[in-house]
1. I need the phi-derived Karplus couplings for region 67-83: 6.51 cos²θ - 1.76 cosθ + 1.60, θ = phi - 60°, integer Hz, Gly and Pro marked x.
2. Can you tell me which of 180-190, 255-265, 31-41 comes out highest on packing, and rank the rest after it, using the mean Cβ neighbours within 10 Å?
3. Beyond 23 Å, what share of the Cα-Cα pairs of region 236-336 is found? Please give it as a whole percent.
4. Sequence-distant or interchain residues sharing an amide H contact under 5 Å with Val244, placed H: which?
5. Express in nm, to one decimal, how much length is gained between Lys213 and Ala318 on full extension, taking 0.36 nm for each residue of separation and deducting their alpha carbon distance.
6. Would you mind checking which residues have amide H under 5 Å from Met96's amide H? H placed 1.01 Å from N; only 5 or more apart, or other chain.
7. In whole Å, what is the distance between the alpha-carbon centres of region 271-315 and region 83-131?
8. In whole Hz and in residue order, list the ³J(HN,Hα) couplings for region 34-43 that follow from phi through the Karplus curve 6.51 cos²θ - 1.76 cosθ + 1.60, θ = phi - 60°; x for Gly and Pro.
Amino acid sequence: MGLTKVTAGVLAHHGRKNAIINGDFDIWQRGTTQTTAAIDSDDRWFNSNFSTTKVHSRQTFDLGQTDVPNNPQYYSRTVVSSVAGSSNYCVKYQKMEGVRAFSGQTVSVSFWAKADSNKDIATEFAQIFGTGGSPSAEITGLSVTTHSLTTSWQKFTIAVSIPSISGKTLGTDGNDYCQLAFWFDAGSTFDARTNSLGQQSGTFDIAQVQIEKGSVATEFERRTEGEELLLCQRYYQRLGGMSVFIGSGLCHSTSQWDVFVAYSIIMRTSPTLSTSNAAHLSVVNISGGGHLVSSITGYNINSYSCRMYGQASSGLNAGNGTMLYTNTASGWIAFDAEM
């Protein structure tokens, strides 16, 4: 796949039938649990809630289990504590880059799911035309389907007719997308998007999510973990852990440094930079020894690479080469280009 732009359409045309990235829930760069309304655990999946609360986490299949085929390692669990309110909800969704994907076509959605007791969830497809300029209004509530879950794993499949985008206008920011959503809890405001699912508490497990062209769902496509990670890193990359190399550059004074970082793969757009804590980073140069970083700033950031500069404890050799690295197991630097 190389460094080709990775959209749902590109995946479908490069021998990869599944347009969902991380549908097997193998990649968790940010962490393995979250309570926030964000992408903060399983890569590419937005776990969102409003007023209703939730705990989302990575779960591990028992070795040798045969309930879900293909010997998957992980699945997604969302424990919902519903709070009554017309605008309250809990939903899990993925934005598939490029609203052109599947325009005017039929696709098959398949997934495995179970709950802590007999409960319904709803799936919904949407087309979002992006921001910037004068984009067309988003189209939601496409092929809304109710699925009756039990305490045992079941495979669910639906065929979705995607409207043509002929005559529509894309935004100028390059962030248009198609979206698949799993609704677990939904106040009356969302009745049209959820088949009046209603509000409920409970534990909801999802595994092996796939979207493919055609009206017939086929066996789940297993990609290698390395390939799946590269697909995820187009949108988010995190470097971290004990003594992980970040980049190299030059010391400008006894306390000022500058480094260059090349990403693992070309990112969707110029990312935003974040760090766990400046104190979790160190720089070292020819003089030897580590020097704790006290500040860090990104500049010249683009979709290929970035440069960073900052302050460190004195003792650097001005004019000498330097290396930036993490000095604790919890240290990290992240680059975020999610939609």
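Nothing in this text is a laboratory measurement; each read-out follows from the coordinates by a stated rule. Keep in mind that this is a model prediction, so the values were computed, not measured. When we count neighbours, we look across all protein chains shown, and the Cβ atoms used for this are built from the backbone with ideal geometry, even at glycine.
1. 5, 10, x, 6, 6, x, 8, 10, 9, 9, 10, 10, 9, 9, 10, 6, 10
2. Output ranking for 180-190, 255-265, 31-41: 180-190, 255-265, 31-41.
3. The share of Cα pairs beyond 23 Å in region 236-336 comes to 19 percent.
4. The list, which skips near neighbours in sequence, is Thr326.
5. The span from Lys213 to Ala318 would gain 32.0 nm if fully extended.
6. When sequence neighbours closer than 5 places are left aside, the close amide H contacts are Cys178, Gln179, Leu180.
7. Spelled out, the Cα-based centre of one part sits 39 Å from the other.
8. Rounded to whole hertz, the list is 7, 10, 6, 9, 6, 8, 9, 8, 5, 4.
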